[in-house]
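Reviewing the structure listed below.
The values are calculated or read from the model by the stated rules, or taken from the named source; none is laboratory data. All values derive from a computational prediction rather than experimental measurement. Cβ placement follows ideal geometry from the backbone for every residue including glycine, while neighbour counts extend to all protein chains displayed.
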């Protein structure tokens, strides 16, 4: 057989085999969710649930009534936060300038607080927990799920 013809036939055979590869083989798998938690110990402050307009539900007069935790949302996705409270707490998620992105204050003092917000890109945020008349310490858990 002619060596040139053999080389061309081999090349055609290899190129023809490429489309048989699964389309998903080139995609990166979605990263696993990020889980975290922090302990929030705060002094109860009944003013934390009576904020000025625009300051959100977690804006106490007493600085020791608010606990914060910095977190950087790594990419597009959803951040879910759970305050594991049994008494009256409130919470918020703010950007680094202090603008409230979302907040929570349950219908009853015993309602566990929860928030969820979707981001389009990498964003540094601050998760806040405020004791209105709550227990002295709670655990705040959060999960970030990639889009």
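Within the option set 106, 54, 98, being modelled with pLDDT under 95, over 19 Å from the mean Cα position of the chain (by Cα) and at positive phi holds for one residue only, 54.
Among the residues examined, residue 123 does not qualify as within 15 Å of residue 36 (Cβ to Cβ), touching a strand residue (DSSP E or B) at 6+ places or on another chain (Cβ under 9 Å) and modelled with pLDDT of 95 or more. When the criteria are applied in full, residue 110 fails the requirement of being surrounded by 15 or more Cβ atoms within 10 Å (Cβ to Cβ) and over 15 Å from residue 67 (Cα atoms). Residues in segment 57-95 that are buried (at least 17 other Cβ atoms within 10 Å of the Cβ), free of Cβ contacts under 8 Å to residues at least 60 places away in the same chain and either farther than 30 Å from residue 30 by Cβ or more than 17 Å from the chain's Cα centre (by Cα) (or both): 85, 88, 89, 90. Scanning segment 113-137 for residues being under 19 Å from residue 57 (Cα atoms) and either loosely packed, with under 14 Cβ neighbours inside 10 Å or without any contact (Cβ under 8 Å) to a residue 40 or more places away in the chain (or both) gives a total of 8.
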